Amino acid sequence: MKLPVLVGIPILAISTLLAGLAIAQSSGGVHSLRGTEIEDLRAVDEVHKQVEGRLTRNYRQQPPLIPHAIEQYQIDKRTNQCLSCHDWTVAGERRAPTLSMTHYLDREGRQLDTVAGTRWFCNQCHVPQVNAPELVGNDFLPSSAER
């Protein structure tokens, strides 16, 4: 390459950088995603309380809601604390509902003695029932409700 081209590339890069900095400075600065300064106190949303008792299901095949707190439950690839009460081997003595037999079927439909790996993470489908308001309003009615 010729010398003027080698000198021109860095000059072009520096001028582009300086122009970008000038535009960034004039744009008004950075705005916080939380909407306030870090030093400002911000009200914390209400903690939603667990609803005791069992709620009815809204539609056929709805996974049951969990009627108790699960914050301290360990559920990982080696341990599932839900099974200490809900596995078919102990549910009767613990007076807990037994898992559906579908939880003991593998992908090919074969019956297993332990919970299938595809059903291991309970909170994938089941959630605790709390007094939280709807995030998005809807007019859903259960299939048994009159319209």
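Normalised Debye scattering of region 48-133 at q = 0.15, 0.16, 0.18 Å⁻¹ gives log10 I(q)/I(0) of -0.61, -0.70, -0.88, counting only Cα atoms as equal scatterers and leaving out solvent.
For A116, the residues 5 or more places off, or on other chains, whose built amide H falls under 5 Å of its own are Y104, L105. Label zone of S84 (point 7 Å out along Cα→Cβ, amide N under 11 Å): in region 39-77 this covers 72-75. Converting phi to 3J(HN,Hα) with the Karplus coefficients 6.51, -1.76 and 1.60 and the offset θ = phi - 60°, region 50-64 yields 5, 8, 7, x, 9, 8, 6, 7, 8, 8, 4, 6, 5, x, x Hz in sequence order, with x at every glycine or proline. A DSSP coil position with no more than 14 other Cβ atoms inside 10 Å describes the following chymotrypsin sites (Phe, Trp or Tyr not before Pro) in region 48-100: Y59. For the chain, count all C-alpha to C-alpha pairs, find those more than 23 Å apart, and express that count as a whole percent of the total. For the chain, the share of Cα pairs beyond 23 Å comes to 64 percent.
Using the charge dipole of region 48-133 (Lys, Arg: +1 at Cβ; Asp, Glu: -1 at Cβ; taken about the Cα centre), state which of W88, N123, Q61 has its Cα farthest towards the positive end. Of the listed residues, the answer is Q61.
Residue order for C122, C85, fewest other beta carbons within 10 angstrom first, comes to C85, C122.
Computed over the chain with a Gaussian network model linking Cα atoms closer than 10 Å, the most mobile of P67, P128, P97 is P97. Between R107 and D76, the simple label model (points 7 Å from Cα in the Cβ direction) yields a spacing of 2.5 nm. Placing unit charges on the Cβ atoms only, positive for Lys and Arg and negative for Asp and Glu, gives the chain a dipole magnitude near 500 debye about its Cα centre.
Between the Cα long axis of helix 3-26 and the first principal axis of the chain there is an angle of about 60°, rounded to the nearest 10.
Read the figures in this text as sums done on the coordinates, not as results from a lab. Note that the coordinates shown come from a computational prediction; the quantities given were computed from them, not determined experimentally. When we count neighbours, we look across all protein chains shown, and the Cβ atoms used for this are built from the backbone with ideal geometry, even at glycine.
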